[in-house]
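The values are calculated or read from the model by the stated rules, or taken from the named source; none is laboratory data. Source: prediction; values computed, not measured. Quick reminder, even Gly has a Cβ in these numbers, built from the backbone with ideal geometry, and neighbours come from all protein chains shown. Note: accessible area is taken over every heavy atom of the protein model, side chains too, but ligands, DNA and RNA are not part of it. Shrake-Rupley method; radii C 1.70, N 1.55, O 1.52, S 1.80 Å.
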Amino acid sequence: LQVVCGAPNARAGLVGVLGTPGAVVPANGMALKVAAVRGVESNGMMCSTRELELGDDHDGIIELPADAAVGTAFADYADLNDPV
């Protein structure tokens with residue numbers, strides 16, 4: 001899956017939080033879609049804690065432990081799926 005990200009901590013092999021097309025960014029209500037970023041197709045967005053309204057950090061994207069299960073919904077991984 002190709003995702004274009006300009007965050008300072010973005011790098012190959014990083015396990016992070018991905019918003020896929022159709023997801024909505026809580027901080028600004030933006031609905032994600034496949035789009036060209038710097039002329040390259042991007043299939044989503046790597047997210048920071050501020051974008052997900054989990055804190056004020058916006059210096060880079062969320063970095064999960066290298067052994068975090070890829071493909072797991074972040075809400076499940078972080079136990080944030082409480083409907084309240």
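A few points about this structure:
- Phi to ³J(HN,Hα) by Karplus 6.51 cos²θ - 1.76 cosθ + 1.60 over segment 23-33, Hz, x for Gly, Pro: 6, 10, 6, x, 5, 9, x, 6, 7, 7, 8
- Rounded percent of accessible protein surface that carbon and sulfur make up, the chain, 1.4 Å probe: 52
- Projecting the Cα positions of Pro8, Phe74, Gly39 onto the charge dipole of the chain (unit charges on Cβ atoms of Lys, Arg, Asp and Glu, taken about the Cα centre) puts Gly39 furthest along the positive direction.
- For Ala35, distant residues with modelled amide H under 5 Å away: Ser42, Gly44
- Distance between the pseudo-spin-label points of Val15 and Asn28 (7 Å out from Cα toward the beta carbon): 2.9 nm.
- The simple Förster model, with R0 at 22 Å and r as the Cβ-Cβ distance, assigns Arg38 and His58 a FRET efficiency of 0.65.
- Taking the chain and dividing mean pair separation by its residue count, relative contact order in percent (alpha carbons under 8 Å, at least six apart): 32
- Given [x] 12.7, 40; [y] 17.4, 48; [z] 15.6, 55, the label whose value is Rg and Dmax of the Cα atoms in Å derived from this model: [x]
- Size of electric dipole in the chain: Cβ of Lys, Arg +1 and of Asp, Glu -1, about Cα centre, debye, nearest 20: 460
- Counted over segment 1-40 with a bin width of 5 Å, the fraction of Cα pairs per bin, in whole percents, is 6, 18, 27, 27, 20, 2.
- Scanning residues 5 or more positions from Gly16 or on other chains, those with amide H under 5 Å from its amide H are Leu64, with H placed 1.01 Å from N in the peptide plane.
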